[in-house]
Amino acid sequence: MRNMRLKAALGMAGVLAMTAACCVVGPALAADSASTADEIVRGGEPDGDVQYPGKEYIVENYDKWDKIAEEYAPEIIRYSNGQLVQRTPTEYECPHWMQQSWTISYNTYYLDADNRGCNSCHADMNAMIENMEYKHATIDNKALETYSDVNQCISCHRDNGDDFGRLIHAIHYNERSGNKFAEGSNGTCQSCHDATADGNGMQLWDNVKHEALQGINKVENVQGEFASTQDKVQTQDELYSYDFVHGYYDHMRYACGPNGLDIDLPQSMFDEWEFTVDGNVNAPYTKKLPELVAEAEAAGVVVTKPSKMVCELNPIGGGGIGQAEITGIPVSWLIEKAGGYTEDTNSVRVIRADGSSRSGFDLSVLDKGYLVYKIDGEYLSARHGFPVMHWQETYDAQIFSKQINGYHVSSDVMDERVCGQVNQEDAHVNRPNVTVCGVPEGLIIQNGKPFTFNGYADAFDHPMKTVEFSMDGGETWTSFDVGDVDPAKWLWWSFTFTPEKEGAYVLSVRGTDIDGEVSYRNHEVLVNAKDEMPSEDEITEIGKIVDPAMANGDASGDQQ
């Protein structure tokens, strides 16, 4: 602890008594070393003139480590949304048997924790990814306030044919970046990895830091107030889009969307758009979209309802999920209008206008498909597929094709649809997915006051069963049953916890679905509970932190 005033020591009588006790119990006093030091260093003046011998040395030693604690105090950053973040916990006591200070600044002075992990260089990972030289898919979700981390990168790159380890090491050490990392940022293997003797080799620091750092309070069977709802909806602007660029129309939407010119596509595109239903139907037809919408509205079949969309690759902690009020025409009605499907039909293929996709869905979920032309009461934006897109409840968003111009009713033999991502070991890595939103790693909160964590829980086509919380590294879990869940909608949860002791806490969240499947990976966030909020001179504005990966050495920018 910094700036600690040291008071007079105990008298000789107290020392003799304590020495005698030490001779009897020996190392057993280690458990009470902090209170013993408190008596010696910060105790009041004893009766009489007898002073503790060696008191001056002890006080000087404590004073030395107080100064080190001040110099190596964990960095505190303020995001542009006002959140204060301290990634490394403060050490409020020395937990070691060798007691000679209030803290040895183990986390920062020895482990150098502030200079390790992805955020040590990239204070805002979202901004870094968004501003990469080769444009990346839009993975951050500003509305949900999700924060990118290395495991999200691994989840997508490793399990989709791209070896993440090979790629990331090459990026950091190649001819263009090597000087920035090794010299400009003093980067070494220890910057990203943790070397131990447990046989697990070089592990990622970000994956083991919560076990290595001191100053983290563990709470057994953590208690708090839990609530959940499936009614939370977003506006169209808030609804996520990864903005993948692959087909011809992808490029057009990307150029017109928020990543490009941010302009609307012309209304004439809607007015002249032609839509076809063909294949295994008795009366194929092609109609202009406005005519089709008018007929559906006149027939009273248009559906307006809240519904979720979630990406197949949405990782634990990711923002590839959302829920909005959609307005659309049931695909079943569109096929009935074509005279119905023939006996040998088993699927429907969704046809994108540029021919880049013919993804299909099984006939058994025909009643869950919609031709959507409005979200949140507004016609679709360029980003979300103006003039029309397909929406398939209980499927992942791979089938939510944008700018479609037809349904081809088919007798193709389709493989069984497995929603979500399955990794190289055949494990479901994001089903169930329970994610904390709005809490960056190291968020500073007020000690002694309730703090509410929020987030989503989802298992694609599998209804959620429980949402579970741990604050002791997963040794104990507090489980909440979420009741009957509609898998066509997300589950939004809240958990209110009151810290009772100053220090850091790590909340782990996971979930189960009705089939008993448990989250492949827990989502963890560290918060720092403080009695007093940091003063202005202790805070660094994120906009003043230079990110070596940003173009021309720009500041991180803080995209949240």
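The values are calculated or read from the model by the stated rules, or taken from the named source; none is laboratory data. Everything quoted here is computed from the prediction, not taken from an experiment. We place every Cβ from the backbone using ideal geometry, glycine too, and count neighbours over all the protein chains shown. The protein model used for the area step is the full one, side chains on, heavy atoms only, and it has no ligands, DNA or RNA in it. Shrake-Rupley method; radii C 1.70, N 1.55, O 1.52, S 1.80 Å.
Tabulated data
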| quantity | calculated |
| --- | --- |
| LYS465 part of a strand (DSSP E or B) and buried (at least 18 other Cβ atoms within 10 Å of the Cβ) | yes |
| ALA227 vs. criteria within 24 Å of the chain's Cα centre (by Cα) and not in a loop (DSSP other than H, G, I, E, B) | yes |
| Of all residues in segment 64-106 being part of a loop (DSSP other than H, G, I, E, B) and of a type in the set (Val, Ile, Thr), the one that is surrounded by the most Cβ atoms within 10 Å (Cβ to Cβ) | THR88 |
| Near pairs, Cβ below 9 angstrom, 6+ apart or cross-chain, from segment 489-511 (free of Cβ contacts under 8 Å to residues at least 60 places away in the same chain) to any residue that is among the hydrophobic types (A, V, I, L, M, F, W, C) and open to solvent by less than 10 Å² (accessible area, probe 1.4 Å) | GLU500/ALA529; SER508/PHE469; SER508/MET471; SER508/VAL525 |
| Of residues in segment 307-339 being under 28 Å from ASN126 (Cα atoms) and open to solvent by 20 Å² or more (accessible area, probe 1.4 Å), the one nearest to the chain's Cα centre (by Cα) | LEU313 |
| Tally of residues being open to solvent by less than 50 Å² (accessible area, probe 1.4 Å) and in contact with a strand residue (DSSP E or B) (Cβ under 7 Å, 6 or more places away or on another chain) across segment 286-305 | 8 |
| Residue in segment 374-387 that is assigned to a loop (DSSP other than H, G, I, E, B), of a type in the set (Phe, Trp, Tyr) and touching a Cys at 6+ places or on another chain (Cβ under 7 Å) present | no |
| Complete set of residues in segment 107-129 that are surrounded by fewer than 19 Cβ atoms within 10 Å (Cβ to Cβ) and touching a residue at least 24 places away in the same chain (Cβ under 8 Å) | TYR109, ASP112, ASP114, ASN115 |
| Residue in segment 300-308 that is touching a helix residue (DSSP H, G or I) at 6+ places or on another chain (Cβ under 8 Å), more than 25 Å from GLN323 (Cβ to Cβ), not assigned by the TED database to the domain that holds PHE460 and not aromatic (Phe, Trp, Tyr) present | no |
| Single residue of ALA457, ALA488 found to be outside the structural domain of LEU265 (by the TED database), more than 30 Å from VAL506 (Cβ to Cβ) and among the aliphatic types (A, V, I, L, M) | ALA488 |
| Subset of segment 523-547 that is of a type in the set (D, E, K, R) and assigned to a strand (DSSP E or B) - its residue that is nearest to VAL208 (Cα to Cα) | GLU524 |
| Among (1) surrounded by fewer than 17 Cβ atoms within 10 Å (Cβ to Cβ); (2) within 25 Å of ASN217 (Cβ to Cβ); (3) not small (Gly, Ala, Ser), the one test that GLU425 misses | (2) |
| Odd one out for GLU416 among (1) in contact with an Asp or Glu (Cβ under 7 Å, 6 or more places away or on another chain); (2) open to solvent by 30 Å² or more (accessible area, probe 1.4 Å); (3) not polar (S, T, N, Q) | (1) |
| VAL418 being on the phi < 0 side of the Ramachandran plot and modelled with pLDDT of 95 or more | no |
| Matching option when the condition is within 25 Å of the chain's Cα centre (by Cα), modelled with pLDDT under 85 and either within 30 Å of ALA324 (Cβ to Cβ) or surrounded by 13 or more Cβ atoms within 10 Å (Cβ to Cβ) (or both), among ASP206, ASP237, ASP194, ASP159 | ASP159 |
| Residue match in segment 151-166 (condition: assigned to a loop (DSSP other than H, G, I, E, B) and within 20 Å of THR540 (Cβ to Cβ)) | no |
| Single match in SER347, SER356 (criterion: assigned by the TED database to the domain that holds GLN323 and buried (at least 18 other Cβ atoms within 10 Å of the Cβ)) | SER347 |
| Qualifying residue in segment 245-255 (condition: in the same structural domain as GLY320 (by the TED database) and either modelled with pLDDT of 95 or more or of a type in the set (Lys, Arg) (or both)) | yes |
| Qualifying residue in segment 257-280 (condition: within 30 Å of PHE469 (Cα to Cα) and within 28 Å of the chain's Cα centre (by Cα)) | no |
| Spans of helices (runs of 4 or more DSSP H) in segment 236-348 with at least 2 residues of a type in the set (Gly, Ala, Ser) | 289-299 |
| Selection from segment 132-148 of residues that are among the polar types (S, T, N, Q) and open to solvent by less than 20 Å² (accessible area, probe 1.4 Å) | ASN141, THR146, SER148 |
| In segment 508-560, residue modelled with the lowest pLDDT [restricted to those that are touching a Ser or Thr at 6+ places or on another chain (Cβ under 6 Å) and closer than 19 Å to GLU130 by Cβ] | ASP558 |
| Residue match in segment 347-365 (condition: farther than 26 Å from GLY247 by Cβ, modelled with pLDDT of 95 or more and not hydrophobic (A, V, I, L, M, F, W, C)) | no |
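One line per residue, one yes/no per condition, for (1) within 24 Å of LEU144 (Cβ to Cβ); (2) crowded, with 21+ Cβ neighbours inside 10 Å; (3) aliphatic (A, V, I, L, M):
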| site | (1), (2), (3) |
| --- | --- |
| LEU491 | yes, yes, yes |
| SER494 | yes, no, no |
| SER519 | yes, yes, no |
| PRO534 | no, no, no |
| ILE539 | no, no, yes |
